[in-house]
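The values are calculated or read from the model by the stated rules, or taken from the named source; none is laboratory data. None of the values given here were measured: they were computed from a predicted structure. Cβ: placed from backbone, ideal geometry, glycine included. Neighbour counts: every protein chain shown. Keep in mind that these areas ignore ligands, DNA and RNA; they rest on the heavy atoms of the full protein, side chains included. Shrake-Rupley method; radii C 1.70, N 1.55, O 1.52, S 1.80 Å.
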2 protein chains.
Amino acid sequence: AILEALRTPPLAAPDSTGPLADTRVLITAGPTREAIDPVRYLSNRSSGKMGFALAEAARALGAEVTLVAGPVQLPTPAGVSRIDVVSARDMLAAVEARVDSCDIFIGCAAVADYRLAEIAEHKLKKRGDEALSLSLVQNPDIIARVTDRPAPPFTVGFAAETRDMARYARDKLERKRLDLIIANDVASPGLGFGADDNAAVLYHFADAPSEELISHSLTPRRKRDLATAIFDYLLTRYHRAPLSATAGSPTDP
Amino acid sequence: AILEALRTPPLAAPDSTGPLADTRVLITAGPTREAIDPVRYLSNRSSGKMGFALAEAARALGAEVTLVAGPVQLPTPAGVSRIDVVSARDMLAAVEARVDSCDIFIGCAAVADYRLAEIAEHKLKKRGDEALSLSLVQNPDIIARVTDRPAPPFTVGFAAETRDMARYARDKLERKRLDLIIANDVASPGLGFGADDNAAVLYHFADAPSEELISHSLTPRRKRDLATAIFDYLLTRYHRAPLSATAGSPTDP
């Protein structure tokens, strides 16, 4: 029995007195892959590390965590429920099946904006020296679908940008009616996609009737430490705005 | 000193009496990634496992092995030199720098046939509800560049197909003037891309003046075992055709 105990990986002790006890958190992580044919695909450089770190941090704070993960090479954090998906439409289906029973939704996945208009059933063959054109259509916007629901959860988005972070973050916050957006500059060497470190700027609107944009900068650190710092700040906003009050968010026109 | 020895990972013992002793083998493995913008890319489902297994097998048979690897999540086999690349053009440059000093070239990488006509410097933004079209141009054909050289090595290609394996394999063998082609059906569940198991059919032309296509089937097994079986067969062809004789290959018109 002692050996048995040694072999069993320790489950993360759910902190039943933690600030997220009795809170259900749904997180998306990683890229999505959009098939071109049976072997080729479109994707992006998201490693999933940030979303997995957020899942681990939420669990440590006592939350019941579900992680919807695109194709990534990462172990599931202890005590977290994981659903693996491939395409943006798969991810949307997994989110829609669970979002009405969550309190906080964090859309951390780098969802492909576009997919192929048509997926080839067989591997495309190269033809002579011809160029090729791929026709793409827009994927559903998962996070906008979440905030469009009758009683949306507290919703957090991400903006991975290579320039003009504040402008894009403000636009996304308004347009998708988010409670909080976490912007990071993926062009910084050693930070962001694929890296173990990340920095972020958190943006949200001040409480109504003000429409002031509030920003909160988090300097570069391990993604795990950044995840904890994000929840520290998120909790100040979440507890201010209980679930029943989010329908009348300060960003409503 | 005993602890020291325990901590040091064992180097693969180069078998100086093995059938590939004093033979330099250059292998490409994995997919290539073709950037769309700083975060998005085109790629394919190759995991690199087959190419890495071939590198390990060649090393165990006594060869000096160089592995040119696209973006994969695999450890380098002990005793193998590894060069990491991203795009098809990176891979071509790495191969061209080394191919003239190799005896056997195995093009196992799933090189992207196409790349973007233009790579966006900043992340592309979604515009309204518009569809999008990506313009692609052909990538250089690495294996054809190898066999086009004045004194090409013994050259082995791969054909990952979802149908009509024999027809495509024959065509590739002729068109790219390969010594051997290894065809596998990537549509079989549990085999091929990403899987640990694989099956293959090896094709080559009978010795001149015959133009008969010879095939040799290898049933499904672990990729490591398949790699060893591929070298068993490859050696019967390689030793038949010493380097100096490959210029007049039976596939020449």
Per residue of chain B, what 222 nm ellipticity follows from adding -39500 (n - 2.57) for every DSSP H run with n ≥ 4, rounded to the nearest 500? -7500 deg cm²/dmol
Mind checking the mean number of beta-carbon atoms from other chains within 10 Å of the Cβ atoms in A:120-126? 4
Comparing A:Ser101, A:Ser16, A:Ser133, which has the greatest mean-square fluctuation in the GNM of chain A with Cα pairs linked when under 10 Å apart? A:Ser133
Using a Gaussian network model of chain B whose springs link C-alpha atoms within less than 10 Å, name the residue from B:Pro220, B:Pro189, B:Pro77 with the highest mean-square fluctuation. B:Pro189
What nm distances, shortest first, do you get from the label point of B:Pro150 to those in the other copies when the point sits 7 angstrom along Cα to Cβ? 7.9
Shortest first and in nm, the label-point separations between B:Val137 and its counterparts in the other identical copies (7 Å out along Cα→Cβ) come to 3.1
Distance from region A:51-76 to region A:98-136 (C-alpha centre basis), Å: 24 Å
In debye to the nearest 20, how big a dipole does chain B give about its Cα centre with +1 on each Lys and Arg Cβ and -1 on each Asp and Glu Cβ? 560 debye
Could you tell me which of A:His122, A:Asn198, A:Pro152 has its Cα farthest along the dipole of region A:67-211 towards the positive end, charges placed at Cβ (Lys, Arg +1; Asp, Glu -1), taken about the Cα centre? A:His122
Per residue value of the accessible surface for the protein assembly as shown (all protein chains in place, 1.4 Å probe), Å²: 47 Å²
Pick from A:Lys172, A:Lys126, A:Lys49: which residue has the top mean-square fluctuation in a GNM of chain A where Cα pairs under 10 Å get a spring? A:Lys126
Note down the relative contact order for chain A as a percent, whole number, built from C-alpha pairs under 8 angstrom at least six residues apart. 17 percent
In vacuo Debye sum over C-alpha of region A:93-145, base-10 log of normalised intensity I(q)/I(0) at q = 0.13 Å⁻¹, listed in q order, is -0.53
Would you be so kind as to identify which of A:Leu132, A:Ile106, A:Ala88 lies farthest towards the positive end of the dipole of region A:62-157, taking Lys and Arg as +1 and Asp and Glu as -1 on Cβ and the Cα centre as origin? A:Leu132
For region B:38-57, state which residues have at least 10 Å² less accessible area in the presence of all protein chains than in their chain by itself, taking the probe as 1.4 Å and leaving out ligands, DNA and RNA. B:Pro38, B:Val39, B:Arg40, B:Tyr41, B:Leu42, B:Ser43, B:Asn44, B:Arg45
Placing unit charges on C-beta atoms (Lys and Arg positive, Asp and Glu negative, everything else neutral), compute the dipole magnitude of region B:24-115 about its Cα centre in debye, rounded to 20. 240 debye
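Quick check for me: using +1 on Lys/Arg Cβ and -1 on Asp/Glu Cβ, what's the dipole size of the protein assembly as shown about its Cα centre, in debye to the nearest 20?
Value, rounded to 20: 140 debye.
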Per principal axis, descending, Cα span of region A:96-183 in whole Å: 53, 34, 16
Given H placed 1.01 Å from N in the peptide plane, which residues other than close sequence neighbours of B:Thr155 have an amide H under 5 Å from its amide H? B:Phe105, B:Asp179, B:Leu180
Interface B/A, total buried accessible area with a 1.4 Å probe, nearest 100 Å²? 3500 Å²
Cut-off under 5 Å, modelled amide H: who pairs with A:Arg82 long-range: A:Leu67
Using a 7 Å offset from Cα along the direction of the beta-carbon, what are the separations from A:Ser81 to the same position in each other copy, nm, ascending? 5.3
How much of A:Val80 can a 1.4 Å solvent probe reach, expressed as accessible area in Å² and rounded to 10? 20 Å²
Mind scanning A:Lys123/B:Lys49; A:Lys223/B:Lys223; B:Lys126/B:Lys172 and naming the pairs with a C-alpha gap bigger than 32 Å? A:Lys223/B:Lys223; B:Lys126/B:Lys172
